[in-house]
1. Straight-line reach from residue 76: which lysines have Cα under 27 Å away, leaving out those fewer than 8 places along the same chain?
2. How far is the Cα center of the stretch 628-701 from the Cα center of the stretch 780-846, in Å?
3. With a 1.4 Å probe and every protein chain kept in, tell me what percent of the accessible surface of the chain is carbon plus sulfur.
4. Add -39500 (n - 2.57) for each DSSP H run of 4 or more in the chain, then divide by its residues: what number comes out at 222 nm, to the nearest 500 deg cm²/dmol?
5. Using a 1.4 Å probe on the protein heavy atoms only, what accessible surface does residue 498 show? Give it in Å² to the nearest 10.
6. Can you tell me the accessible area per residue over the chain, all protein chains present, probe 1.4 angstrom, in square angstrom?
7. Which of the lysines could be linked to residue 601 by a straight reach, that is with a Cα gap under 20 Å, when you skip same-chain ones fewer than 8 residues away?
8. Can you list the aspartates and glutamates whose alpha carbon sits under 14 Å from that of residue 822, skipping same-chain ones fewer than 8 residues off?
Amino acid sequence: MAKYVYLFSEGNGKMKELLGGKGANLAEMTNLGLPVPFGFIVSTEACTEYNQNWGHQLSDEAKAQVDAGIVELEKKSGKSFGSDDNPLLVSVRSGARASMPGMMDTVLNLGLNEASVEALAKNSNNPRFAYDSYRRFIMMFSDVVIGVAKSKFERAFDEYKERRGLKSDLELSDEQLREVVAIFKQIYKDDQGKEFPSDAKEQLYASIGAVFHSWENERAFVYRRMHDIPYSWGTAVNVQEMVFGNLGDTSGTGVAFSRNPTTGVDEIYGEYMINAQGEDVVAGVRTPRPMSELKDEPNLPGIYDQFVSLAKKLEDHYHDMQDMEITIEKGKLYFLQTRNGKRTADSALQIAVDLVKEGKITKEEAILQVDPGQLDQLLHPVFDSASLKAAKSIGKGLPASPGAGAGKLYFSAEDAEVAAARGERVILARLETSPEDIVGMNVAQGVLTVRGGMTSHAAVVARGMGRCCVSGCEEIKFNEKDKSFELGGRVFHEGEYVSLDGSTGYIYGEDIKTVDAAISGNFETFMKWADETRTLQIRTNADTPKDAAKAVELGAEGIGLTRTEHMFFEEDRIPKMRVMILSDTVEERVEALNGLIPFQKADFKGIYEAMAGRPVTIRLLDPPLHEFLPNTDAEFEGLAKDMGKPVEELKAKAVALHELNPMMGHRGCRLAVTYPEIAEMQTRAIIEAAIEIKQEKGYNIVPEIMIPLVGEIKEFRYVREIVDRTAKKVFEEKGVTLDYHVGTMIEIPRAALTADAIAKEAEFFSFGTNDLTQLTFGLSRDDAGKILKDYIDKNIYEVDPTARLDQTGVGALIKIAVDKAKPVRPDIHIGICGEHGGDPSSIEFCHRTGFNYVSCSPFRVPIARLAAAQAAIKNR
């Protein structure tokens with residue numbers, strides 16, 4: 001019989017694949033002797049079975065094991081599940097292997113019905129608490145498990161309070177809460193056509209199933225795509241005895257971090273509420289108080305000091321900053337969760353460097369502790385200091401996630417997404433965010449909420465995304481219906497500009513200029529450790545001196561790809577390019593190309609100078625020629641006048657150049673075979689620029705000339721002969737020589753399969769994984785987006801193969817090519833220059849496969865540096 005249920009006492013922190021992160025950590029805390037309410041975990045394997053094989057129902061075998069887990073809970077608690085006398089209530093929470101805050105579902109206070117709520121009221125001597133718990137359970141179960149819209153209950157609750165002149169939930173009496181429970185039950189009955197379920201086991205089975213099913217909800221799909229979490233992992237479910245923070249002034253709930261997740265400072269950072277449940281803090285329904293004030297609570301002496309002591313114990317045990325959820329029930333502290341806390345990039349580096357200084361972790365452990373993708377946050381904009389000085393704030397909220405954002409206001413995730421697709425900069429404003437808002441948050445420059453604290457959903461998710469966020473600005477008068485809010489004496493409507501400073505919490509009613517952030521301090525220290533550890537060289541893809549200089553500033557050690565075609569689209573060059581393409585004779589083409597040599601040479605000299613002697617790989621012209629042709633009648637008429645030819649003749653030639661599938665057509669090395677003069681012009685510009693920059697600046701440049709789209713050794717040989725012949729001619733003309741290398745992009749499957757033959761003449765390989773992926777999958781990258789969404793949604797592909805290297809298929813071709821090439825040419829230089837060169841998992845594959853370098857866009861260079869170091873550590 002397969003085992004699907006594990007007691008906390010049967011697990012440990014190393015069982016995350018099976019028990020999920022939350023369950024494994026609850027088991028680990030139990031083993032450490034921390035005060036953890038007892039419970040059990042329904043495994044990730046059960047989730048997979050539930051969603052794929054059990055028809056979205058718990059099997060009888062799984063139910064039997066859940067029942068056995070409840071029996072153990074009853075023994076530990078001395079209570080009885082579903083009892084009318086001494087009821088055991090439980091929470092049902094998700095817990096995936098990777099933390100996914102707010103993305104899946106939770107049910108609290110499960111086990112309540114008309115009889116057990118009376119028993120709870122009697123046993124606790126607190127009827128108000130019992131009915132407060134019951135109304136919460138009805139709303140949560142109805143929403144999460146059954147699908148009755150939560151807004152129906154919230155609207156009814158708000159209307160009830162308004163009728164009685166009540167502002168806070170805490171003002172309701174037990175009798176009033178009884179009335180609210182009756183209203184909630186009627187909402188359920190009106191929606192479902194039947195009474196609210198009263199059988200505790202029925203509630204439990206349905207709730208476990210709902211959590212498993214939430215692994216497939218839209219927000220979970222979006223989050224997994226953003227964070228590269230495979231669908232196959234599934235989530236576990238944690239069933240745990242309830243402890244209650246809503247039992248009065250000696251009870252409460254809190255969420256806290258062992259260090260500041262925004263700055264990394266070694267201080268307890270978090271929030272708590274008295275007489276509340278955990279959902280109140282995270283959901284931002286009420287604005288909580290700073291955790292530091294807990295030490296001054298008159299009814300909870302010693303609780304703060306006990307919490308701090310245990311928080312540091314957990315940090316020392318896990319060797320990392322911890323994010324903890326606690327409940328205090330009648331003066332007793334309980335831990336409901338711990339996990340490695342999500343943090344900003346600045347905080348991640350500060351914590352990693354500090355933990356090394358404190359002797360708690362090694363440099364290698366510190367390198368593994370930081371998510372490479374987070375480094376992107378350090379490069380996000382801040383406000384221009386002069387513009388900020390001239391601006392006047394209109395209000396202030398909590399500085400929930402650092403950075404600066406400016407854009408047009410939108411009041412729903414859907415509207416924000418549509419506006420962003422139009423190219424607008426967007427600020428998403430919400431009363432409070434919920435997991436359904438994740439798509440809007442992802443496209444926004446910043447997020448603004450009226451409710452919620454520093455650990456609310458908006459704050460946690462925005463920090464993880466690197467979006468600036470200002471939360472809990474309760475002075476805002478928010479009108480969701482009219483898509484407007486009032487702040488600072490002004491009314492702001494949809495489409496008007498606002499700016500947010502997530503580092504200070506200030507809000508501005510104008511569009512403030514932003515600038516790139518500067519990086520130094522901990523970044524330099526940390527990246528030095530990474531550079532000392534990695535073996536892969538990190539290059540960049542750069543087509544301009546500006547891009548090349550930025551990449552060097554961010555740590556690039558060379559250029560792995562310069563796309564020469566981008567240089568021809570500038571206004572003073574495109575006419576000459578068009579003349580060349582539409583010429584009738586070689587002589588006419590050569591004349592037009594000669595006019596382009598000064599431009600090409602100047603481009604290459606600028607790039608060489610920016611790279612200051614570092615290696616530079618330049619790809620010969622790659623795209624199909626029709627991309628350069630005129631698009632309008634006016635452009636054709638101007639070109640016809642310049643060439644002295646009829647417009648119709650040029651249009652006819654343009655039509656003749658059209659291809660049904662140009663990405664597999666007349667491009668790459670095929671252009672040089674048909675038009676050798678193009679390769680001659682580019683080679684001359686590359687070599688002359690290298691000679692001149694050495695004479696002018698003293699840089700010893702060794703150009704790497706890359707021939708694209710080779711699939712046959714004879715193609716490569718033909719074009720290489722053009723390159724070598726032209727280089728020799730330039731050397732004779734200039735009276736100097738220099739070293740240069742000629743290699744190829746491996747982007748056609750046939751090239752990978754015949755790499756041994758190609759390597760006899762190619763001095764380096766650079767894998768163009770963009771094209772290699774589309775040709776291996778048979779997907780046009782221009783249209784792949786329409787297909788891939790369905791494939792990922794339906795779990796045919798777990799991730800987008802254009803974003804993360806497909807190591808099974810495309811990776812197999814790469815391994816074949818490397819294994820064939822190295823015996824033929826042991827000193828062959830191997831790299832990657834597709835977009836995968838900046839993806840951490842793809843970088844690890846390159847490390848394992850024996851690459852010399854990866855090349856990526858300039859702003860991903862720090863990510864690649866860290867990912868390469870992590871790959872070196874993991875594969876020792």
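1. Those lysines meeting the cut-off are 3, 14, 16, 22, 63, 122, 201, 313, 330, 332.
2. So the separation of the two Cα centres works out to 30 Å.
3. Values: 16630 of 34600 Å².
Accessible surface attributable to carbon and sulfur in the chain totals 48 percent.
4. Working: 33 runs with 396 residues, N = 876.
One gets -14000 deg cm²/dmol as the mean residue ellipticity at 222 nm.
5. Solvent-accessible area, nearest 10 Å²: 0 Å².
6. Values: 34600 Å² over 876 residues.
Accessible surface, normalised per residue, equals 39 Å².
7. The qualifying lysines are 546, 576, 694, 697, 728, 729, 734.
8. In chain and number order, the partners are 756, 761, 763.
The values are calculated or read from the model by the stated rules, or taken from the named source; none is laboratory data. Computed from a predicted structure; not experimentally measured. Side chains are part of the model used for accessible areas, which takes the heavy atoms of the whole protein and leaves out ligands, DNA and RNA. Shrake-Rupley method; radii C 1.70, N 1.55, O 1.52, S 1.80 Å.
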